[in-house]
1. So is I38 β-branched (V, I, T), modelled with pLDDT under 95 and loosely packed, with under 12 Cβ neighbours inside 10 Å or not?
2. Of all residues in segment 41-51 being out of contact with any Phe, Trp or Tyr (no Cβ under 6 Å at 6 or more places or on another chain) and part of a helix (DSSP H, G or I), which is farthest from F9 (Cα to Cα)?
3. Quick one: would you say F48 is in contact with a Pro (Cβ under 8 Å, 6 or more places away or on another chain) and surrounded by 10 or more Cβ atoms within 10 Å (Cβ to Cβ)?
4. For segment 7-21, check the following and say yes or no: at least one residue is surrounded by fewer than 10 Cβ atoms within 10 Å (Cβ to Cβ), out of contact with any strand residue (DSSP E or B) (no Cβ under 9 Å at 6 or more places or on another chain), polar (S, T, N, Q) and at negative phi.
5. In segment 16-37, which residues are more than 16 Å from H6 (Cβ to Cβ), part of a helix (DSSP H, G or I) and among the aliphatic types (A, V, I, L, M)?
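The values are calculated or read from the model by the stated rules, or taken from the named source; none is laboratory data. All values derive from a computational prediction rather than experimental measurement. Please note: Cβ atoms are built from the backbone with ideal geometry, for glycine as well, and neighbour counts cover all protein chains shown.
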Amino acid sequence: MSSEEHFEFKKIEKLNLDSYEVPECFEEILSEFVAKLIEAHPNNVYKFAFNYFKDKLEEI
């Protein structure tokens, strides 16, 4: 994907969350990521997400 391409989130109409086991810390992790994503407003969301979570793994 080139940096020129535009990224859009696709809305999922029906998702049964009862069928998934969501870790307790997931909301905190996702909230922090979304805040950084909005703050950075990157051209390439996939690359931003990859680097963000790679950096988080290196902190462990």
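1. Numbers: β-branched (V, I, T): yes; modelled with pLDDT under 95: no; loosely packed, with under 12 Cβ neighbours inside 10 Å: yes.
The answer is no for I38.
2. Across segment 41-51, the extreme among qualifying residues is N51.
3. yes
4. Yes: one or more hits.
5. Those that are more than 16 Å from H6 (Cβ to Cβ), part of a helix (DSSP H, G or I) and among the aliphatic types (A, V, I, L, M): L17, I29, L30, V34, A35.
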